[in-house]
1. Give a residue-ordered list of calculated ³J(HN,Hα) values for region 35-41 (Karplus: 6.51 cos²θ - 1.76 cosθ + 1.60, θ = phi - 60°; whole Hz; x for Gly, Pro).
2. So what's the net charge close to THR134: Lys and Arg +1, Asp and Glu -1, counting the other residues with Cβ under 15 Å from its Cβ?
3. So what is the relative contact order for the chain, in percent, with contacts set as C-alpha pairs under 8 Å and at least six apart?
4. For HIS126, what residues show an amide H to amide H distance below 5 Å, using hydrogens built from the backbone and excluding near sequence neighbours?
5. Long-range amide H contacts for SER157: which residues qualify at under 5 Å (H placed 1.01 Å from N, peptide plane, sequence gap of 5 or more or a different chain)?
6. Hey, got the dipole for region 4-186? About the Cα centre, +1 on K and R Cβ, -1 on D and E Cβ, debye to the nearest 20?
7. When the helices in the chain are scored as -39500 (n - 2.57) per DSSP H run of 4 or longer and the sum is shared across all residues, what 222 nm value do you end up with, to the nearest 500 deg cm²/dmol?
8. Can you tell which of GLY152, HIS122, ALA138 lies farthest toward the positive end of the dipole of region 67-187, using +1 and -1 charges on the Cβ of basic and acidic side chains (Lys, Arg; Asp, Glu)?
Amino acid sequence: MEAVVTKRLIIRRVTETDLLDFLAYQTHPEILRYMPTEPLTEEQAMGFLARQAVVEIGDEVGYIVFAIHHIDDAKMIGEVGINLLPRVQSKGEIGWSLHPNYQGRGYATEAAQVLLTYGFAHRKLHRITSICDTRNTASFRLMERLGMRREGHLRQSQFIKGSWQDEYIYALLHDEWLAQQSVTADE
Ligand SMILES: CC(C)(COP(=O)(O)OP(=O)(O)OC[C@H]1O[C@@H](n2cnc3c(N)ncnc32)[C@H](O)[C@@H]1OP(=O)(O)O)[C@@H](O)C(=O)NCCC(=O)NCCS
């Protein structure tokens, strides 16, 4: 995907020069609250960005992360990503993180809409899902703003910071996304 410019953002590939901005949110306790992962070290972050910078966008499978670049502040403020399953299945799973200083202003929604377009229009996916801890209200509210449907409540499906947690799974089908696009265009 070429960089996509929205009203306030550029959704683009990450580069190794994003390191400090990337670490600023990736190591923030608020960002990691509902994640099973530990904060990245600088070395791990450099390795991740270096691998992402060379990943072929046409690759059939794997995780692709895009930077949410704030135009006015000229910096990366978060990420949206998609895990592409083998093409025969035509499915992907999406996720996001936004630096706390930039939350509550609709930036994640603006970026995730670009990600859905990438998945459905460019990669021709049939179905896109997203999963989050049931306590992660901000994340599932975002899924609902994107028109995704809650399809399940997974009991104790993720071990996070010392205890088993429930998760919600949300999904959107290609045809449902297409119908949303024509409604938006008619408005
Ligand atoms: C999940 C996450 C990206 C959501 O961020 P967010 O800032 O709540 O989402 P948005 O940027 O789309 O902003 C939406 C909020 O801004 C408000 N808003 C203000 N101006 C807006 C605008 N111009 N357009 C849209 N929404 C706007 C909305 O009303 C909404 O607030 P509400 O949820 O209280 O109704 C963020 O909480 C995060 O990074 N969490 C930590 C990482 C994480 O848990 N990731 C998910 C793992 S599964």
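1. 10, x, 8, 8, x, 6, 7
2. Net local charge, THR134 excluded: +1.
3. 18
4. Close amide H contacts, sequence-distant or interchain: LYS91.
5. GLN165, ASP166, GLU167
6. 440
7. Dividing the helical sum by the residues of the chain leaves -9000 deg cm²/dmol.
8. GLY152
No lab work stands behind these numbers, since they all come straight from the coordinates. Note that this is a predicted model, so its numbers are computed, not measured. Counting neighbours? That spans all protein chains shown, and the Cβs are built from the backbone with ideal geometry, glycine included.
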